[in-house]
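Got a structure for you, questions after.
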Amino acid sequence: MTYSSKSLNGLVIQFTRLYLGHLDLPLTEIGLQQAEIVAKHIVSHRRIKTIFSSDLQRAAQTGAWVHKLIPTAPLVLDSRLREKCMGKFEGKPWGSIQKAAAKENIEYAAYVPKGGETYHEFEERILAGLNAIIERVVDTTDEVIVTAHGGVIFHLFGYYQNKPNSGKGGALIATNTLPENVSLSTLSVHRGSSNEMEIRIVDYNNTKHLDNLDPSLKTTVRGFSGHATDTI
């Protein structure tokens, strides 16, 4: 079974970088076009049996595009796949959390915004969501797609790259770079001889399918302030 994880941060608010977290905003017109493009690429290269998605619109709208092209593949929404909750900083400009943490003399990775999640809480939640998907399909030959958020995919792949026999290893995510919009990241999963899950990183932040795309649709989200992998 191959588990394919797809990141669409979308272009919810164009030209403005905000902490979105659990804010449930739809994709813009450009984001919807990106969703259509990546969905068509996925269905032409993968035999998808089920679509799993965060229940937030900006991810679910992408999953809906895949479902539209493969109506036999059910779309399953799961709130555990949401982006990290940023509490009172949701909707605020990028960098405002770093400033608040510095003002209180707290490292960014250890700073918890009022009403937000700790990195440990975030990790536990998204791992529970992923593990539920794995348990559902690991004993099949099905390929599934997950439409989620940059922080979710960044943390999940950072978690698995630190595990033994995880595939491509440290060079993959050591740059602290979030996956780009409409990039594709892939995990392969199977049950080993001792009945333990074996999860390997196959690819991360692959954007080859965008090589011939109109430049106006290549807007990306790069960079990640702080060192989230330190907490994993």
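Which one is surrounded by the fewest Cβ atoms within 10 Å (Cβ to Cβ), of the residues in segment 77-103 that are in a loop (DSSP other than H, G, I, E, B) and at positive phi?
My answer is GLY95.
Across segment 67-107, what is the number of residues that are farther than 23 Å from ILE145 by Cα, under 21 Å from the mean Cα position of the chain (by Cα) and not hydrophobic (A, V, I, L, M, F, W, C)?
Number satisfying all stated conditions: 6.
OK, next. For segment 7-58, how many residues meet the condition of being at pLDDT 85 or above, hydrophobic (A, V, I, L, M, F, W, C) and closer than 16 Å to SER183 by Cβ?
6
Name the residue that is farthest from the chain's Cα centre (by Cα), counting only residues in segment 136-154 that are assigned to a helix (DSSP H, G or I) and under 17 Å from THR186 (Cα atoms).
Kept after step one, since they are assigned to a helix (DSSP H, G or I), are these residues of segment 136-154: 136-137, 150-154.
Adding the requirement that they be under 17 Å from THR186 (Cα atoms) leaves 137, 150-154.
Values: VAL137: 19, GLY150: 4, GLY151: 6, VAL152: 4, ILE153: 3, PHE154: 6 Å.
If we take residues in segment 136-154 being assigned to a helix (DSSP H, G or I) and under 17 Å from THR186 (Cα atoms), then VAL137 is farthest from the chain's Cα centre (by Cα).
Residue check: is ALA64 surrounded by 16 or more Cβ atoms within 10 Å (Cβ to Cβ), under 14 Å from the mean Cα position of the chain (by Cα) and either under 10 Å from THR147 (Cα atoms) or at pLDDT below 95 (or both)?
Considered against the rule, which asks whether it is surrounded by 16 or more Cβ atoms within 10 Å (Cβ to Cβ), under 14 Å from the mean Cα position of the chain (by Cα) and either under 10 Å from THR147 (Cα atoms) or at pLDDT below 95 (or both), ALA64 comes out as no.
Taking segment 49-72 as the region of interest, how many residues are free of Cβ contacts under 8 Å to residues at least 40 places away in the same chain, among the aliphatic types (A, V, I, L, M) and in a loop (DSSP other than H, G, I, E, B)?
Qualifying residue count, segment 49-72: 1.
Hey, another quick one. Keeping to segment 16-56, report how many residues are within 14 Å of ARG82 (Cβ to Cβ) and either surrounded by 17 or more Cβ atoms within 10 Å (Cβ to Cβ) or of a type in the set (A, V, I, L, M) (or both). Outline the logic, then answer.
The first filter runs over segment 16-56 and keeps only residues within 14 Å of ARG82 (Cβ to Cβ), leaving 19-25, 52-56.
Imposing the further condition that a residue be either surrounded by 17 or more Cβ atoms within 10 Å (Cβ to Cβ) or of a type in the set (A, V, I, L, M) (or both) reduces the set to 19-23, 25, 52-54, 56.
So the answer is 10.
The values are calculated or read from the model by the stated rules, or taken from the named source; none is laboratory data. Predicted model only: the values in this text are computed from it and were never measured. Every residue, glycine as well, gets a Cβ built from its backbone with ideal geometry; the counts of neighbours run over all protein chains shown.
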